[in-house]
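In what follows, a structure is listed as C-alpha cells, so that the remarks can point back to it.
The values are calculated or read from the model by the stated rules, or taken from the named source; none is laboratory data. Small disclaimer: the values here were computed from a predicted structure and weren't measured. Cβ: placed from backbone, ideal geometry, glycine included. Neighbour counts: every protein chain shown. Surface accessibility is based on the protein's heavy atoms, side chains included, excluding ligands, DNA and RNA. Shrake-Rupley method; radii C 1.70, N 1.55, O 1.52, S 1.80 Å.
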Amino acid sequence: MTPEPLLSLRGLTKHFGAFRALHGIDLDVAAGSVVVLIGPSGSGKSTLIRCINGLVRPDAGSLRVAGRSVELGDEGAWQRLRTEIGMVFQDYALFPHLTVLRNMTLAPMRRLGLSRAEAEAQARALLARVGLAHKAEDHPSALSGGQQQRVAIVRALAMRPKAILFDEPTSALDPETIVDVLDVMRGLARDGTTMVVVTHEMGFAREVADRVVFMADGAIVEEGPPAALFGAPQNARTQGFLSSLRPASEALHA
Amino acid sequence: MTLLRHLTRTASIRLALAATALAAGLSAAAAQALPPLPKAIQAAGVLRAGVRCDQPPYGYKDESGNFAGIETDMAIQIAAWAFGAPDKIELTCVTAENRIPQLMGKKVDILLATLGVTPERARVIDFSKPYRWGGSDMLVAKDSPIRKLDDVAGKTVVMLKGSTQAKWFEDTMPKVETLRLNTASDALQALKQGRGEAYTHDAATLVVIAAKDPSLRLVGESFAVTDAAAGLRKNEPEWLTYVDAALARMKADGLYAKWVDKWVPADLRPFYADAFTKPKPTAR
Amino acid sequence: MDFDLAYLMAQGPALMRGLWLTIQVSLLSIVLSVLVGLLGAAARVMEVPVLDPAVRAYVEFIRNTPMLAQLFFIFYGLPGIGLKLSLFWSGVLCLTLWAGAYQVENLRGGLATVGKGLREASYALGLTPWRFFHLVAAPLAIRVALPAMLNTAISLLKNSSYLQAIGLAELTYVAIDRISMDFRTIEMFAAICVIYLALVLVLSFLASRLEFRLNAPFRH
C-alpha cells in the first residue's frame, strides 16, 4: 500500500506565448523524499518548480498537494499553498533593507500569526542550526553569498513548510561556500524534509536524491533512483546530457 | 537754470490764467489751457495708465476684451490732450492689491483705478484732487438675515486684498472674519458659493452686480466713504499739476456726465452722476 | 523707501500665523502626495487594468496644465458639481494632486529598480501583493527615489504660495495683504523669501536624515 504522494502533478502544461515551456508533466513526490530535477538549460526545470507554488501559473493540468486539489485560477488558493511550500532561489532574494532576523520573522508573523517573540525565538533557533546565530542583527549586504543562501533556506523553514523547492540554490555561489549550503541541504534531507531540487550538482543528486528526474524540451524524459539513472541511463538524450557533464562532475565529486 | 525754467513755467501758467480772465465767460476756452506736459511723460510719447479691468462701470473689459469704462475714458482723454491723439495710450490692468506697487515700480505713470484717498496710501503716493467720491456697501444673498452693517459680526465677509474695505474692517470691525481675494469676480464667486455671508466692495461696483443678479441684494448701509482720485508717484509735481488741470477740465467740459451716460444703464445713472457731481455724504 | 526693520518686527505675529498655515498645509500635502505617488506608481508598475491608464492620464493632466488653473478649478469649479471644500482642504487637495503626479513618476522609477526576484521571494513566502508592496517594494523604491521626491516636496512647499489666490491666509497671502495695505514691498518680500529659504533648508535636512537611515542597511 502506497500512501498518497505529498505532491502530485498530472498533465501540467505551460505556454509562454507560442513557446511551449512544459507539456504533459506527470510527477509525484512522496512525503519525506528528495526529488532532483536535472537537464540542460531551457529544459523547463525552473518553470516546473515555479508551477508547483504558482509563481508561474500552469495553463492546464492538475496539481494536488497533501490530498487537496489546487484550483489553477484561484489566486487565494495559491497564496495559501505558498505558505505551505517554501522556496529557495538562485540569487537568495533576501530583503536587503531588513535584518536577517526580520527577513525570517516577516512572513511567520504575517501569515502564521506568530507573535514577535515566538517568531524571533524560532528564527534564532534556526539560525543557530546553520551556524549563523551571530548574524541575526546584520543586514544581508554584510553576509557572504553562502551565508545569505543559508539564511534564505532557514527563512523558508521558518514557515514550517510541508515541502521546499530549490531553484539552483548553489549556482550563484563561490565554490568554497557551495559546500556549506549543500551541507545544510543534506541535513534537511536527513531530517526527512520533502524537497524538490533543481541543480547542476550531480554529486549532491547522486548522494541525497531518492529520485532523479531528467527533463528536456519541457517534458520529463527519464526518471529513476540515482544509481539507475546515473549508472545506466536508458534514453539517448539522458546519456548525452550526462556524458557532457561527466568530466567536470567526476573531477569535483568522484 | 532750474529756477529760471521754473519761473518761465510759472509765468506761462500766469499768462494762461490771464488769458482766461480776458476771455471772460468762455469757460470752455479756459479749460483748454493745460499746463505743460512734464518732460519725462513727453519723452515717453505715450501715456501709461493703470486702470481696473473688473470694475464696471469705472474700468473693465467689454465682451470683446477691450478696455472700457469711465476711468478708462478719463485716461484716454488725458492722452488725447497730452499728445493730441487718443491712441497715444498704454493701458494696464491693475488690481486693488497690485495697483500701488505697479505705480511705484514705474510700470504705469498714473492710476485711474477706483483709488480711494487714504492716509496710508498718501504716505507712499500722491493723490490728484478727488474727481468723485465712493462709498462702500455689502452684497448678500437675497434671503440673507444681514440687514445692516453690524449684522456681519461673527460672520465671514469676502473682500479684495488691499481694498478700502479691507482696511476699514481691520480698523473698525476687527472681530469680523475676512476672506480676502484678488479680483472682484473671485469675490463674487466666493459669495455665491457661500464661502462668506457678505461681499463688501465699492457701492458703485456692487450696484451693477445687484442690478444684474436677482439672487443677490445690497445691504444698503453706506460706510467707508472716501474720495477717489488719480494716483501719482511722489515728487512729480509738474505731472500732478497737469493731471489736476486735466481733471478740472473734464468736469468743466461736462465729460463726466457724458461718460456716465455712455457706460451706465439708464436706471443706475443717478447714482453715478451723484458721485461725480454732488458733495461727499457723511457715514461711518 | 528705506528698509524698515521695526515695521517688519511689528508684522511678526501676522507672519508667524501665515507661516504656521504654510507649514500645516505643506506637511499634510507632502504626506498625502507621497501616498498618492505610491498607490499610483504601484498601479502603473503592476499594470492594473483601468487604474494604470487612469493614473497615466492623471499624471499627464497635472503635469501639462498650470497649477493655478487646477487650484481655481478645485476652489471655484468643484462646488458646481456639489463638492465644496473649505479653503484649507481646497489647498491641501490641490497641492496633493499636483505633487502626487510627480511622486507617481518619481516612485515609478524607484519601483523599477526593485527586481522580480524579491517579488517572487515575497510571494513564495505567502505574502500578498499588497504586503510585498508596502513591506518590501515601497521602502526600497523610496530609498532610490528620495532625491527626486525631495525636489517635488520642495516645489510643493514653494507652490503653497499659490494658495494666496483663493484667500488662504498662508505666508505669501499675509505678505501680499500687508503690502497692499502698508506698501512695504521690499521688507515683506525679503522676509518671506528668507522664511521660505529656511523652510526648504529644514526640509532638506530632514530628507538627508531619512536618506541616511534608509541607506544604513546598504553601507558595508
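Quick test of your reading of the structure: B:Thr164 fulfils all but one of (1) under 23 Å from C:Val174 (Cα atoms); (2) touching a helix residue (DSSP H, G or I) at 6+ places or on another chain (Cβ under 8 Å); (3) buried (at least 22 other Cβ atoms within 10 Å of the Cβ). Name the failing condition by number.
Of the numbered conditions (1) under 23 Å from C:Val174 (Cα atoms); (2) touching a helix residue (DSSP H, G or I) at 6+ places or on another chain (Cβ under 8 Å); (3) buried (at least 22 other Cβ atoms within 10 Å of the Cβ), the odd one out for B:Thr164 is (2).
Look at A:Gly145 and say whether it is modelled with pLDDT under 95, within 23 Å of C:Gly126 (Cα to Cα) and not β-branched (Val, Ile, Thr). Break it down stepwise before answering.
On the way: modelled with pLDDT under 95: yes; within 23 Å of C:Gly126 (Cα to Cα): no; not β-branched (Val, Ile, Thr): yes.
No: the conditions fail for A:Gly145.
If I filter the range A:170-189 for residues that are under 30 Å from A:Ala60 (Cβ atoms) and at pLDDT below 95, do I get at least one hit? Explain how you work it out, then say what you get.
Keep residues of the range A:170-189 that are under 30 Å from A:Ala60 (Cβ atoms), which gives A:171.
Filter again for at pLDDT below 95, leaving A:171.
Scanning the range A:170-189, I find at least one residue that is under 30 Å from A:Ala60 (Cβ atoms) and at pLDDT below 95, so the answer is yes.
Would you say B:Asp267 is in contact (Cβ under 8 Å) with a residue 12 or more places away in the chain, in the same structural domain as B:Thr118 (by TED's automatic domain parsing) and of a type in the set (D, E, K, R)? Spell out the reasoning first.
On the way: in contact (Cβ under 8 Å) with a residue 12 or more places away in the chain: yes; in the same structural domain as B:Thr118 (by TED's automatic domain parsing): yes; of a type in the set (D, E, K, R): yes.
The answer is yes for B:Asp267.
Would you check which residues across the range B:62-81 are in contact (Cβ under 8 Å) with a residue 24 or more places away in the chain and either farther than 22 Å from B:Ile125 by Cα or within 14 Å of chain C (Cβ to nearest Cβ) (or both) and list them? Please lay out each step first, then the result.
Here is the first cut: in the range B:62-81, the ones in contact (Cβ under 8 Å) with a residue 24 or more places away in the chain are B:67-75, B:77-79, B:81.
Within the range B:62-81, B:Phe67, B:Ala68, B:Gly69, B:Ile70, B:Asp73, B:Gln77, B:Trp81 qualify.
Just a yes or no: is a residue in the range A:157-170 out of contact with any strand residue (DSSP E or B) (no Cβ under 6 Å at 6 or more places or on another chain), among the polar types (S, T, N, Q) and open to solvent by 20 Å² or more (accessible area, probe 1.4 Å)?
Start the filter on the range A:157-170 by keeping residues that are out of contact with any strand residue (DSSP E or B) (no Cβ under 6 Å at 6 or more places or on another chain), which leaves A:157-158, A:160, A:162, A:170.
When the remaining residues are screened for being among the polar types (S, T, N, Q), the result is A:170.
Adding the requirement that they be open to solvent by 20 Å² or more (accessible area, probe 1.4 Å) leaves none.
Looking through the range A:157-170, none of the residues is out of contact with any strand residue (DSSP E or B) (no Cβ under 6 Å at 6 or more places or on another chain), among the polar types (S, T, N, Q) and open to solvent by 20 Å² or more (accessible area, probe 1.4 Å).
Out of all the residues in the range C:111-126, is one or more out of contact with any Cys (no Cβ under 6 Å at 6 or more places or on another chain), open to solvent by 10 Å² or more (accessible area, probe 1.4 Å), more than 11 Å from chain A (Cβ to nearest Cβ) and aliphatic (A, V, I, L, M)?
Looking for residues that are out of contact with any Cys (no Cβ under 6 Å at 6 or more places or on another chain), open to solvent by 10 Å² or more (accessible area, probe 1.4 Å), more than 11 Å from chain A (Cβ to nearest Cβ) and aliphatic (A, V, I, L, M), one finds at least one in the range C:111-126, hence yes.
Conditions first: (1) touching a Ser or Thr at 6+ places or on another chain (Cβ under 6 Å); (2) open to solvent by 20 Å² or more (accessible area, probe 1.4 Å). C:Thr96 passes all but one, so which condition is the exception?
(2)
A:Trp78 fails exactly one of the following numbered conditions: (1) touching a helix residue (DSSP H, G or I) at 6+ places or on another chain (Cβ under 6 Å); (2) open to solvent by less than 30 Å² (accessible area, probe 1.4 Å); (3) not small (Gly, Ala, Ser). What is the number of that condition?
(1)
Considering only residues that are within 14 Å of another protein chain (Cβ to nearest Cβ) and either within 14 Å of the chain's Cα centre (by Cα) or in a loop (DSSP other than H, G, I, E, B) (or both), look in the range B:84-102 and name the one that is surrounded by the most Cβ atoms within 10 Å (Cβ to Cβ).
At the first step, the residues of the range B:84-102 found to be within 14 Å of another protein chain (Cβ to nearest Cβ) are B:94-102.
Subsequent filtering for residues that are either within 14 Å of the chain's Cα centre (by Cα) or in a loop (DSSP other than H, G, I, E, B) (or both) retains B:94-100.
Numbers: B:Val94: 26, B:Thr95: 22, B:Ala96: 29, B:Glu97: 22, B:Asn98: 20, B:Arg99: 26, B:Ile100: 25.
Out of the qualifying residues, it is B:Ala96.
On the given criteria, is C:Ala101 of a type in the set (Gly, Ala, Ser), assigned to a helix (DSSP H, G or I) and surrounded by 14 or more Cβ atoms within 10 Å (Cβ to Cβ)?
Yes: the conditions hold for C:Ala101.
Any idea which residue in the range A:145-156 is farthest from A:Thr193 (Cα to Cα), counting only those that are of a type outside the set (Lys, Arg) and within 11 Å of chain C (Cβ to nearest Cβ)? Please lay out each step first, then the result.
Kept after step one, since they are of a type outside the set (Lys, Arg), are these residues of the range A:145-156: A:145-149, A:151-154, A:156.
The next check asks that each one be within 11 Å of chain C (Cβ to nearest Cβ); those that pass are A:152, A:156.
Working: A:Ala152: 16, A:Ala156: 12 Å.
Ranking the candidates gives A:Ala152 first.
Looking at the range A:87-101, can you tell me whether even one residue there is more than 8 Å from chain C (Cβ to nearest Cβ), of a type in the set (A, V, I, L, M) and within 29 Å of A:Glu222 (Cβ to Cβ)?
Yes - at least one qualifying residue is present in the range A:87-101.
Of all residues in the range C:1-45, which are surrounded by fewer than 20 Cβ atoms within 10 Å (Cβ to Cβ) and within 12 Å of the chain's Cα centre (by Cα)?
Selection gives C:Ile23, C:Gln24, C:Leu27, C:Leu28, C:Val31, C:Leu32, C:Leu35.
When you look at C:Ala175, is it modelled with pLDDT of 90 or more and part of a helix (DSSP H, G or I), yes or no?
Values: modelled with pLDDT of 90 or more: yes; part of a helix (DSSP H, G or I): yes.
Answer is yes for this residue.
Give the residues of the range B:181-201 that are touching a Ser or Thr at 6+ places or on another chain (Cβ under 8 Å) and either among the aromatic types (Phe, Trp, Tyr) or facing another protein chain (nearest Cβ under 7 Å) (or both), sorted by residue number. First the steps, then the outcome.
Quick first cut of the range B:181-201, residues touching a Ser or Thr at 6+ places or on another chain (Cβ under 8 Å) only: B:182-184, B:192, B:195-198, B:200-201.
The answer is B:Asn182, and nothing else.
Which ones in the range B:136-161 are surrounded by fewer than 20 Cβ atoms within 10 Å (Cβ to Cβ) and either in contact with a Cys (Cβ under 7 Å, 6 or more places away or on another chain) or within 19 Å of B:Asp227 (Cα to Cα) (or both)?
none
Can you run down the residue pairs with Cβ atoms below 8 Å, 6 or more apart or on separate chains, where the first is in the range A:107-129 and within 14 Å of chain C (Cβ to nearest Cβ) and in a loop (DSSP other than H, G, I, E, B) and the partner is open to solvent by less than 50 Å² (accessible area, probe 1.4 Å) and not aliphatic (A, V, I, L, M)?
A:Leu112/A:Thr83; A:Leu114/A:Thr105; A:Leu114/A:Pro108; A:Leu114/A:Gln122
Read through the list (1) away from every other protein chain (no Cβ under 14 Å); (2) surrounded by 21 or more Cβ atoms within 10 Å (Cβ to Cβ), then give the number of the only condition that A:Asp59 fails.
Going through (1) away from every other protein chain (no Cβ under 14 Å); (2) surrounded by 21 or more Cβ atoms within 10 Å (Cβ to Cβ) one by one, A:Asp59 breaks only (2).
Go through the range C:148-205 and count every residue that is within 18 Å of the chain's Cα centre (by Cα), farther than 17 Å from C:Leu87 by Cα and within 14 Å of chain B (Cβ to nearest Cβ).
Residues flagged as within 18 Å of the chain's Cα centre (by Cα), farther than 17 Å from C:Leu87 by Cα and within 14 Å of chain B (Cβ to nearest Cβ) within the range C:148-205 amount to 0.
Check C:Tyr162 against each of (1) open to solvent by 30 Å² or more (accessible area, probe 1.4 Å); (2) of a type in the set (Phe, Trp, Tyr); (3) over 20 Å from C:Arg17 (Cβ atoms) and name the one condition it does not meet.
(3)
Is the range C:197-211 home to any residue that is over 30 Å from B:Ala166 (Cβ atoms), of a type in the set (Asp, Glu) and open to solvent by less than 40 Å² (accessible area, probe 1.4 Å)?
Among the residues of the range C:197-211, not one is over 30 Å from B:Ala166 (Cβ atoms), of a type in the set (Asp, Glu) and open to solvent by less than 40 Å² (accessible area, probe 1.4 Å), which makes the answer no.
How about the range B:105-121: which of its residues are surrounded by fewer than 21 Cβ atoms within 10 Å (Cβ to Cβ) and within 26 Å of B:Ala252 (Cβ to Cβ)?
We begin by selecting, within the range B:105-121, every residue surrounded by fewer than 21 Cβ atoms within 10 Å (Cβ to Cβ); these are B:105-107, B:117-120.
Correct list: B:Val117 only.
Look through the range B:151-180, keep the residues that are more than 23 Å from C:Asp182 (Cβ to Cβ) and more than 11 Å from every other protein chain (Cβ to nearest Cβ), and return whichever of them is farthest from the chain's Cα centre (by Cα).
So the first thing to find is which residues in the range B:151-180 are more than 23 Å from C:Asp182 (Cβ to Cβ), and the list is B:151-156.
Then keep just the ones that are more than 11 Å from every other protein chain (Cβ to nearest Cβ); that gives B:151-155.
Working: B:Asp151: 29, B:Val152: 27, B:Ala153: 29, B:Gly154: 31, B:Lys155: 29 Å.
It comes out as B:Gly154.
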